[in-house]
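Reading through the structure tokens given below for one structure.
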Amino acid sequence: MKHYPQPQTTTALARPVRMIQFGLGPHWERTINKHLSKMVGMGYAVSCPVGIDLSSNRKAVEKRLSECGTARPEEVFYIDPISPYHLDARSEAQLNRIVRKYNITAVAVSVPPEAHLGLALWALRNGLHLFLDKPVTTRPNAVNSLSAARGIFDDFEELNNVYAEAKVKHGICAMLNAQRPFMDAWVRNFEWVAETLAETGHPITNITAAHADGQMRVGNELTNVGYHGYLAGTGKLSHSGYHLIDVIVRMLKAGTWSHARPDYLLVRSSFRQPDALVTAMPNAEWARLFGEDCVGLADISDAELVMLGRRMGEVDAHVTIEAVRNGAVMTTANLHLQHDTVSARSTLETPKNWYKLAGRLKRELWHIDQGPMQSIRVETLQAEDKHDGRKSKGAQVGEPNHFELVRVQNDGLIKGAERLSRYNAADLTHDKGKYLLSERAKMASLTEFVSCAGGLLPTRQLTSDLSAHRLGVAIMAAAYESHVRRGSDRMGAATVRVDWTE
């Protein structure tokens, strides 16, 4: 199984790539727009003549565009669909006219995941290459509705079937922008697991992963912050959480023989919703901490926040996965996804940018075991919340590029193995710290998509082809279903079976 793109020796695309960018928010500004500009400078025949957003976002988009200078789409259109989650006939007709007028060949979708399905189906049915932000889709109210939770996987099946037809009919590619497999350090982890399996025959036995955002939200911020908010009835699992699910699936594939895959997975989840935040820290406690600075904190009462919070998406998600073969639990995986963790935010002043300027202190920790043969520990810890302006992206603990790997091997049974080896990201990338590791990965992901859409890379070599995400989507849907099935008293049967599919 390949985890990373093949290096390209030329940027001469067989055909130019002309993109529509759906969603002109912070993600577009910081990643796609910036990296497309770099690719143009490298000689790639790629352009983004059209940007599209909702009419309701016009004010924020225009402000953002005014700060972009010339690095922006030539034309920006605003659509006003009947529902923000679906593409109606009028909006689709408008998009079809834009495609014809600007000779569009590809689409990048960077809108909330609740709205992914309609745009993705439209793109594929019109023979347009698709670059889709993670996760593939989610459904409003997935945290409360059994049909919505199960519908996440139904959406994938519909989308994947349309993609299969479009590949044959139009020769297009569809790629999910899940960036971990484009990071050299994660590629090395996948290789270590696969090499140990080949050397010893021992499969992977345990994966434990924890990811923290440090997203402190207080009082009515729970109900009025749109960025990765909870109002749609989804949360952490439907945003950065999917990156970790993707890694777990790739680890399971790298660490088991193709002829000895699990028969099925058993998935159970436990979510914390915003009502837990209010119960843990009511307004009076925040007022005690902030004193006179807490003006406006009680615009919504604790009781109202609790009532609303029980209907809103997950703040934290804790998911356990058991991989079963012939009735035996072969591998266990534990996934801990948290917004509600230590933050550098210390004021009630509304951040100018919830994406990067809200005191986020990101942390991640992994333990990966192959029985008595190998153990891998991965840790990233950022103690800075304003590292964008730094010229050097340091790799020490707390610095922006901290990424440490510790590998322990059974050197008595594995020929040439080291008992203990330790690396940081710089050791693996030979980078002097000019770029963030995550930015390098995002650039690599977009480059691979453009290379494929431009005829330089075969679809079969895509690192994150849409069709490869069936199992990851099934786990995500099962985690939501498990939460719903537990019921309001959290006492219901919560195990959901996911049949293994490649």
Six or more apart or on different chains, Cβ atoms under 6 Å: show the pairs whose first residue is in the range 82-106 and of a type in the set (Gly, Ala, Ser) and whose second is not in a helix (DSSP H, G or I).
91/79; 91/81; 106/17; 106/19; 106/128; 106/129
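To keep it simple, each residue is scored yes or no on (1) touching a helix residue (DSSP H, G or I) at 6+ places or on another chain (Cβ under 9 Å); (2) more than 26 Å from residue 139 (Cβ to Cβ).
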position: 209; (1), (2): yes, no
position: 214; (1), (2): no, yes
position: 223; (1), (2): yes, no
position: 237; (1), (2): yes, no
position: 241; (1), (2): yes, no
position: 244; (1), (2): yes, no
position: 252; (1), (2): yes, no
position: 290; (1), (2): yes, yes
Out of the residues in the range 166-210 that are outside any strand (DSSP E or B) and among the β-branched types (Val, Ile, Thr), which is farthest from residue 365 (Cα to Cα)?
168
Residue under question is residue 109, and the condition is that it be touching a residue at least 60 places away in the same chain (Cβ under 8 Å), open to solvent by 20 Å² or more (accessible area, probe 1.4 Å) and farther than 24 Å from residue 316 by Cβ; does it hold?
no
Against the definition (surrounded by fewer than 20 Cβ atoms within 10 Å (Cβ to Cβ), touching a residue at least 12 places away in the same chain (Cβ under 8 Å) and on the phi > 0 side of the Ramachandran plot), how does residue 43 come out, yes or no?
yes
Among the residues of the range 224-244, is any assigned to a strand (DSSP E or B) and crowded, with 21+ Cβ neighbours inside 10 Å?
no
Given 379, 364, which one is touching a residue at least 60 places away in the same chain (Cβ under 8 Å), acidic (Asp, Glu) and either open to solvent by less than 20 Å² (accessible area, probe 1.4 Å) or part of a strand (DSSP E or B) (or both)?
364
When you look at residue 200, is it of a type in the set (S, T, N, Q), surrounded by fewer than 21 Cβ atoms within 10 Å (Cβ to Cβ) and touching a His at 6+ places or on another chain (Cβ under 7 Å), yes or no?
no
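Conditions tested, residue by residue: (1) surrounded by 17 or more Cβ atoms within 10 Å (Cβ to Cβ); (2) assigned to a helix (DSSP H, G or I).
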{"position": "417", "(1), (2)": "yes, no"}
{"position": "422", "(1), (2)": "no, no"}
{"position": "446", "(1), (2)": "yes, yes"}
{"position": "482", "(1), (2)": "yes, yes"}
{"position": "490", "(1), (2)": "no, no"}
{"position": "493", "(1), (2)": "no, no"}
At least 1 residues that are more than 21 Å from residue 148 (Cβ to Cβ) and touching a Lys or Arg at 6+ places or on another chain (Cβ under 9 Å) in each: list the helices (runs of 4 or more DSSP H) lying fully within the range 255-353 that qualify.
274-280
For the range 179-211, what are the residues that are of a type in the set (Gly, Ala, Ser) and modelled with pLDDT of 95 or more?
194, 198, 201, 209, 210
For a quick check of your reading: which helices (runs of 4 or more DSSP H) sit entirely within the range 14-124 and have at least 2 residues that are touching a helix residue (DSSP H, G or I) at 6+ places or on another chain (Cβ under 7 Å)?
33-42, 89-102
Unique residue being surrounded by fewer than 18 Cβ atoms within 10 Å (Cβ to Cβ) and either under 25 Å from residue 21 (Cα atoms) or modelled with pLDDT of 95 or more (or both) when the list is 397, 408:
408
Hey, residue 230 farther than 19 Å from residue 368 by Cβ and modelled with pLDDT of 95 or more or not
no
Hey, does the range 126-145 have a residue that's part of a helix (DSSP H, G or I) and either buried (at least 21 other Cβ atoms within 10 Å of the Cβ) or in contact (Cβ under 8 Å) with a residue 40 or more places away in the chain (or both)?
no
Quick test of your reading of the structure: residue 13 fulfils all but one of (1) open to solvent by 60 Å² or more (accessible area, probe 1.4 Å); (2) modelled with pLDDT under 85; (3) in contact with a Gly (Cβ under 6 Å, 6 or more places away or on another chain). Name the failing condition by number.
(1)
Checking residue 346 against (1) free of Cβ contacts under 8 Å to residues at least 24 places away in the same chain; (2) under 29 Å from residue 486 (Cβ atoms): exactly one of these is not met. Which one?
(2)
Condition met for residue 321 (among the β-branched types (Val, Ile, Thr) and touching a strand residue (DSSP E or B) at 6+ places or on another chain (Cβ under 6 Å)):
yes
Subset of the range 78-91 [over 23 Å from the mean Cα position of the chain (by Cα), of a type outside the set (A, V, I, L, M, F, W, C) and either under 26 Å from residue 34 (Cβ atoms) or open to solvent by 70 Å² or more (accessible area, probe 1.4 Å) (or both)]:
78, 80, 90
The residue from 54, 95, 119 that alone is at pLDDT below 95 and of a type in the set (A, V, I, L, M) is 54
Tally of residues being of a type in the set (Val, Ile, Thr) and closer than 15 Å to residue 125 by Cβ across the range 84-101:
1
If I filter the range 382-394 down to residues being open to solvent by 30 Å² or more (accessible area, probe 1.4 Å) and of a type in the set (Lys, Arg), which single residue comes out as modelled with the lowest pLDDT?
390
Can you say whether residue 463 is open to solvent by 20 Å² or more (accessible area, probe 1.4 Å) and either under 21 Å from the mean Cα position of the chain (by Cα) or of a type outside the set (A, V, I, L, M) (or both), as far as the supplied structure shows?
no
Among residues belonging to the range 324-343 that are open to solvent by less than 60 Å² (accessible area, probe 1.4 Å) and over 23 Å from the mean Cα position of the chain (by Cα), point out the one that is nearest to residue 228 (Cα to Cα).
331
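The values are calculated or read from the model by the stated rules, or taken from the named source; none is laboratory data. Everything numeric here is computed off the predicted structure, so don't read it as measured data. Neighbour counts run over all protein chains shown; Cβ positions are idealised from the backbone, glycine included. Just so you know, the surface numbers come from the protein's heavy atoms only, side chains and all, with ligands and any DNA or RNA stripped out. Shrake-Rupley method; radii C 1.70, N 1.55, O 1.52, S 1.80 Å.
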